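The values are calculated or read from the model by the stated rules, or taken from the named source; none is laboratory data. What you see is a predicted model; the values in this text were computed from it and never measured. Cβ placement follows ideal geometry from the backbone for every residue including glycine, while neighbour counts extend to all protein chains displayed. Just the protein is used for accessible areas: all its heavy atoms, side chains included, with ligands, DNA and RNA removed. Shrake-Rupley method; radii C 1.70, N 1.55, O 1.52, S 1.80 Å.
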Amino acid sequence: MQNNDKSAAVIRVMLAKIGLDGHDRGIKVVARALRDAGMDVVYTGLHRTPEEVVDAAIQEDVDILGISLLSGAHMHIFPKVLQLLKDKEAEDMIVTGGGVIPDDDVKELYQMGVHKILLQDTPPQEIIDSFRQLVAERGDR
């Protein structure tokens, strides 16, 4: 018997490092925590372009696209990603960010349409809980 209960569906997440930022220890810790929590996680690896990441996220049909940035390029990268998702009619994808982002920029990123910013000191369980809540709030796609 097939279970068609959407609440039991596995959350699909893509984690990405866009640009020249070569620090990936944190994103690997997050990927493992999300996997251990039962989520399906794809990690794009280092030095990806916004176009590569958005195309891959759409192909993988992810619920959440999480972008980790430690390079300071967040005010350039997030608008580009959000515009690409809009252009490709994939605005229902939840976009989150993590890393080192100043508080003033966090507010602006939320205004742009980023759903959640989880900074470098966010405990893994809080990330897991946030992702589950974001998907539950969004509902079916």
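Full extension of the segment from Arg141 to Lys86, taken as 0.36 nm per residue of separation minus the current Cα-Cα distance, would add 18.3 nm.
If you model segment 75-141 as an ellipsoid using its alpha carbon gyration tensor, with each semi-axis the square root of five times an eigenvalue, the axes come out at 19, 18, 8 Å, biggest first.
Translational diffusion coefficient of the chain (Stokes-Einstein, Kirkwood radius from Cα pairs, 4 °C, 1.567 mPa s): 86 µm²/s. Using a probe of 1.4 Å, the accessible surface attributed to Glu52 totals some 90 Å² when neighbouring protein chains are kept in position. The fraction of accessible area contributed by carbon and sulfur in the chain is 48 percent, rounded to a whole number (1.4 Å probe; ligands and nucleic acids excluded). A 1.4 Å probe run over the chain, with the rest of the protein chains in place, finds 57 Å² accessible per residue. In a simple Cβ point-charge model (Lys, Arg +1; Asp, Glu -1; nothing else charged), the chain has a dipole of about 280 debye relative to its Cα centre. Summing charges over neighbours of Pro124, with a neighbour being any other residue whose Cβ is under 9 Å away from its Cβ, gives -1 when K and R count +1 and D and E count -1.
Rounded to the nearest Hz, the phi-derived 3J(HN,Hα) couplings of segment 105-122 under the Karplus curve 6.51 cos²θ - 1.76 cosθ + 1.60 (θ = phi - 60°) are 6, 4, 4, 5, 5, 4, 5, 5, x, 5, 7, 7, 10, 10, 7, 4, 9, 6, where x marks glycine and proline. Summing charges over neighbours of Arg12, with a neighbour being any other residue whose Cβ is under 12 Å away from its Cβ, gives -2 when K and R count +1 and D and E count -1. Annotation: amide H of Val41 within the under-5 Å range of Val13, sequence separation 5 or more or interchain, hydrogens built in the peptide plane.
Taking 20 Å as the straight-line reach from the Cα of Lys28, the lysines in range (excluding those fewer than 8 positions away in the same chain) are Lys17, Lys116. The aspartates and glutamates whose alpha-carbon is closer than 18 Å to the alpha-carbon of Lys88, local same-chain residues fewer than 8 away aside, are Glu51, Glu52, Asp55, Glu60, Asp61, Asp63.
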